[in-house]
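Working notes, structure below.
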Amino acid sequence: MKTKSKNLFSGALHGIKVLDISNFLAGPVSSMFLGDYGAEVIKVEKPGLGDEIRYWGNNKNGVGLMYKLINRNKKSITADLRTKFGVKIIKKLVKNTDIIIENYRKGTLEKWGLGYETLSKINPGLIMVRITGFGQTGPYSHKPGFGTLAEGYAGFAAINGYQDRSPLLPGFGLADETSGLMGAFLALTALHERDKKSGIGQVVEFGIYEPLFTLLGPQVVDYDQLGIVQTRNGSRLPFTAPRNTYLTKDDKWVSISGSAQSTFERMCEALNIKHLITDPRFLDNRLRIKNSKALDDELQEAILKFDQSTLIKMFDEVGAAVAACNNIKEIFEDEHFKARKNIIAVDDKELGGPLKMQNIVGNFSRTPGKIKHAGPKLGQHNYEILVEKLGFSEKELELHGYKLTQKIKGI
């Protein structure tokens, strides 16, 4: 079977058209993953201000760095969805769109005249991904929701941290990022169904708390069958031991897991504490879970005799599981990260040079993904999309406040 050469390096999702009218993090992360593998993503932003994520986190010369990462491989246009003209733009774009992603509060799109019932009449094959705080149904569906709320509501914060301290939220947008992954997966699932079965689109909706809730392990079955309520226990897990972070002689940290019996035994061999293998408290995983505090004390005492690099070498020699607890500086210097090309430099004219960011995840043997460019300037593609693609005249756009004296300048 011959492969069309023009698509060889265009990504597995080449030809898929995505309209991203979402803001902040969860929705844009979904379209980021789709864009990484070749989907054409048009991001619609507020005139003047743009997506507020442009002002999140750190900036360089006023340019938001987080925006550059999350909105890579996308084209930026501006449209005020609260106006008739903004609605007109979206309706024109929808005619040739496979997936539209939104994360407004329940009922907002309908209020603007952009609900799925309206848009699907224009394009029956349209798939709409709706990401909200609490979903489109249920008593909390009307409430605003952000990732921070979801991390508490889903049960993550309650098990994160230490028992004698307050529940601990993650140091990054965990609920939003997991929702972004789920949004991309569900969009492609619906796309597969449309193209292989029904030929028509549908709505895919979920609350930000739901992907994280699903990823929280066996809590539901444990509570249902045994009445167990998982509590905060530091880095320990309730289903395997040992599992923790440990301090080394040179004041660095390693993370260690002994999930398999053989791995635990190799660990003890590497640390020259073979007597723990036959210790009645640690004979199997269930006993080790029961006595995890005592086991951690034994391991920590042994690990403190070695510096980090020596310890990792010792573990590697016997096939035991260990990894350094890296900060971002150490990740930049790490040989494996370099070999896997997990960080890539992307040229960016707005910043005046290369910008390093996380590379795409996954290596395809035939149709690799690619970061073609970082997040664009606000409205950078207004002329290309609104004039050249949709057929609006420059005069009409100027009447609605668009400044198109330069083709890429936007508004």
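Would you check if there is a residue in region 127-136 being open to solvent by less than 40 Å² (accessible area, probe 1.4 Å), free of Cβ contacts under 8 Å to residues at least 12 places away in the same chain and not β-branched (Val, Ile, Thr)? Can you show your working first?
As a first pass, look at region 127-136 and keep what is open to solvent by less than 40 Å² (accessible area, probe 1.4 Å): 127-136.
Now drop any that are not free of Cβ contacts under 8 Å to residues at least 12 places away in the same chain, which leaves none.
Checked against the condition, which is being open to solvent by less than 40 Å² (accessible area, probe 1.4 Å), free of Cβ contacts under 8 Å to residues at least 12 places away in the same chain and not β-branched (Val, Ile, Thr), region 127-136 yields no hits at all.
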### Task
Please find, among GLY64, GLY35, GLY50, GLY11, the residue that is open to solvent by less than 20 Å² (accessible area, probe 1.4 Å), modelled with pLDDT under 95 and not polar (S, T, N, Q).
GLY11
### Query
Which of the residues spanning region 89-104 are free of Cβ contacts under 8 Å to residues at least 40 places away in the same chain and exposed (fewer than 15 other Cβ atoms within 10 Å of the Cβ)?
LYS95
### Task
Identify the single condition in (1) in contact (Cβ under 8 Å) with a residue 24 or more places away in the chain; (2) surrounded by 15 or more Cβ atoms within 10 Å (Cβ to Cβ); (3) over 21 Å from the mean Cα position of the chain (by Cα) that GLN163 does not satisfy, given that it satisfies every other one.
(2)
### Query
Which residue, of LEU212, LEU191, LEU216, is under 24 Å from the mean Cα position of the chain (by Cα) and at pLDDT below 95?
LEU216
### Message
Considering only region 374-385, I want to know if a residue exists there that is surrounded by 14 or more Cβ atoms within 10 Å (Cβ to Cβ) and within 19 Å of the chain's Cα centre (by Cα).
### Response
yes
### Task
Test GLY352 against the criterion of being at pLDDT 95 or above and on the phi > 0 side of the Ramachandran plot, and give yes or no.
no
### Query
Of the residues that make up region 293-312, is at least one open to solvent by 50 Å² or more (accessible area, probe 1.4 Å), at pLDDT below 95 and touching a strand residue (DSSP E or B) at 6+ places or on another chain (Cβ under 8 Å)?
no
### Hey, ASN73 polar (S, T, N, Q), surrounded by 19 or more Cβ atoms within 10 Å (Cβ to Cβ) and closer than 23 Å to VAL387 by Cβ or not
yes
### Task
Give the residues of region 232-266 that are within 25 Å of GLN219 (Cβ to Cβ), under 28 Å from the mean Cα position of the chain (by Cα) and aromatic (Phe, Trp, Tyr), sorted by residue number.
PHE239
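Going by the conditions given, is ALA150 open to solvent by less than 50 Å² (accessible area, probe 1.4 Å), in a helix (DSSP H, G or I), of a type outside the set (Ser, Thr, Tyr) and touching a Pro at 6+ places or on another chain (Cβ under 7 Å)? Break it down into steps so the answer makes sense when it comes.
Working: open to solvent by less than 50 Å² (accessible area, probe 1.4 Å): yes; in a helix (DSSP H, G or I): yes; of a type outside the set (Ser, Thr, Tyr): yes; touching a Pro at 6+ places or on another chain (Cβ under 7 Å): no.
Answer is no for this residue.
Does LYS370 satisfy the condition of being open to solvent by 100 Å² or more (accessible area, probe 1.4 Å), over 27 Å from GLY171 (Cβ atoms) and of a type outside the set (Gly, Ala, Ser)? Quick ask: steps written out before the conclusion?
On the way: open to solvent by 100 Å² or more (accessible area, probe 1.4 Å): yes; over 27 Å from GLY171 (Cβ atoms): yes; of a type outside the set (Gly, Ala, Ser): yes.
For LYS370, the condition - open to solvent by 100 Å² or more (accessible area, probe 1.4 Å), over 27 Å from GLY171 (Cβ atoms) and of a type outside the set (Gly, Ala, Ser) - is met.
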### Message
I'm told LYS403 meets every condition in (1) of a type in the set (D, E, K, R); (2) modelled with pLDDT of 95 or more; (3) in contact with a Lys or Arg (Cβ under 8 Å, 6 or more places away or on another chain) except one. Can you identify the failing condition by its number?
### Response
(2)
### Message
It is to be established whether one or more residues within region 264-277 are touching a strand residue (DSSP E or B) at 6+ places or on another chain (Cβ under 9 Å), surrounded by fewer than 15 Cβ atoms within 10 Å (Cβ to Cβ) and not charged (D, E, K, R).
### Response
no
### Residues (surrounded by 15 or more Cβ atoms within 10 Å (Cβ to Cβ) and in contact with a His (Cβ under 9 Å, 6 or more places away or on another chain)) located in region 106-125
LYS106
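I need the strands (runs of 3 or more DSSP E) fully contained in region 31-107, keeping only those with at least 3 residues that are at negative phi and of a type in the set (A, V, I, L, M).
Values: elements: 40-45, 74-78, 99-102.
It comes to 40-45, 99-102.
The values are calculated or read from the model by the stated rules, or taken from the named source; none is laboratory data. Note that the structure is a prediction, hence the values are computed from the model and not measured. A quick note on method: Cβ atoms are made from the backbone with ideal geometry, for glycine too, and the neighbour counts reach across all protein chains shown. These area figures cover heavy atoms from the full protein model, side chains too; ligands, DNA and RNA do not enter into them. Shrake-Rupley method; radii C 1.70, N 1.55, O 1.52, S 1.80 Å.
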